[in-house]
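Right, one structure below, let's go through it.
The values are calculated or read from the model by the stated rules, or taken from the named source; none is laboratory data. Owing to the predicted nature of the structure, the values given are computational and were not obtained by experimental measurement. Cβ sites come from the backbone with ideal geometry, for glycine too, and all protein chains shown count toward neighbours.
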Amino acid sequence: MMKKKNTIIFIFIISLFGLSFLLLFNKIRQTEQKKEVYQTIPSFQISDINGQTITEASLQEYGAIMFIYFNPDCDLCQEEMILIKENESAFLHGKIVFFSELPADSIQQFLQTLDFVPTHNMMFLSDEEAILIEKMEVRGAPTIYIYKQGRLFKRFDGPVRIETLIRYFTEEE
């Protein structure tokens, strides 16, 4: 009787271990599949703050593209934007795409408050439907993605030193 009880407990533990392993393996596989989504610039159709529709295809001409998720309430995002603006000459050979879930008028108001005038190679997208936010798995602000020839070159979660951004943005693949 005792032997049978121990066998049942042993089988239960082994089954529990096996199930845990399968769930963990499945979670890892799902995470890898999600990462594949933003390994290339994901497809999107979003309006910029001027009402112009922007798609991933409209960015194809640029070799280096930096996507920056920001939130105006984030002090780190504000500092990052100011540093990019102060060093804008280092980013002129590519495109910088800022995106937020805020409506266009709120982003414009934020830019005015910050006294931030975008250069010709900068654009601000209003991602109110969280298209890019979901596809790029944004976890917090700021999140920065650098793409080279349409492929993910580097991702940063949180603030980054401006020298590091410049290095990765201008570095050849």
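Can you name the residue in segment 157-173 that is free of Cβ contacts under 8 Å to residues at least 40 places away in the same chain and in contact with a Phe, Trp or Tyr (Cβ under 9 Å, 6 or more places away or on another chain) and, of all such residues, is surrounded by the fewest Cβ atoms within 10 Å (Cβ to Cβ)?
Step one: filter segment 157-173 for residues free of Cβ contacts under 8 Å to residues at least 40 places away in the same chain, giving 157, 161, 163-164, 167-168, 171-173.
Within this subset, residues satisfying the condition of being in contact with a Phe, Trp or Tyr (Cβ under 9 Å, 6 or more places away or on another chain) are 164, 168, 171, 173.
On the way: Thr164: 12, Tyr168: 17, Glu171: 12, Glu173: 8.
By that ranking, first place goes to Glu173.
Output the number of the condition that Ile84 fails; it satisfies all remaining conditions of (1) of a type in the set (A, V, I, L, M); (2) touching a Leu at 6+ places or on another chain (Cβ under 9 Å); (3) under 19 Å from Gly51 (Cβ atoms).
All conditions pass for Ile84, except number (3).
Inspect all residues belonging to segment 129-148 and state whether any of them is among the acidic types (Asp, Glu), more than 11 Å from the chain's Cα centre (by Cα), buried (at least 18 other Cβ atoms within 10 Å of the Cβ) and in the same structural domain as Asn87 (by TED's automatic domain parsing). Lay out the reasoning, then the answer.
Let us first name the residues in segment 129-148 that are among the acidic types (Asp, Glu), namely 129, 134, 137.
This time we only want the ones that are more than 11 Å from the chain's Cα centre (by Cα), so: 129.
Next, from what is left, pick out any that are buried (at least 18 other Cβ atoms within 10 Å of the Cβ): none.
No, segment 129-148 contains no residue that is among the acidic types (Asp, Glu), more than 11 Å from the chain's Cα centre (by Cα), buried (at least 18 other Cβ atoms within 10 Å of the Cβ) and in the same structural domain as Asn87 (by TED's automatic domain parsing).
Kindly indicate whether any position in segment 43-66 is at pLDDT 75 or above, surrounded by 15 or more Cβ atoms within 10 Å (Cβ to Cβ), of a type in the set (Gly, Ala, Ser) and within 18 Å of Tyr147 (Cβ to Cβ).
Yes, some residue in segment 43-66 is at pLDDT 75 or above, surrounded by 15 or more Cβ atoms within 10 Å (Cβ to Cβ), of a type in the set (Gly, Ala, Ser) and within 18 Å of Tyr147 (Cβ to Cβ).
Could you grab me the full set of residues in segment 138-172 that are farther than 14 Å from Cys77 by Cβ and of a type in the set (Asp, Glu)?
Glu163, Glu171, Glu172
Does segment 60-92 hold any residues that are among the aliphatic types (A, V, I, L, M) and over 16 Å from the mean Cα position of the chain (by Cα), and which are they?
Listed by number, the residues that qualify are Ile82, Leu83, Ile84, Ala90, Leu92.
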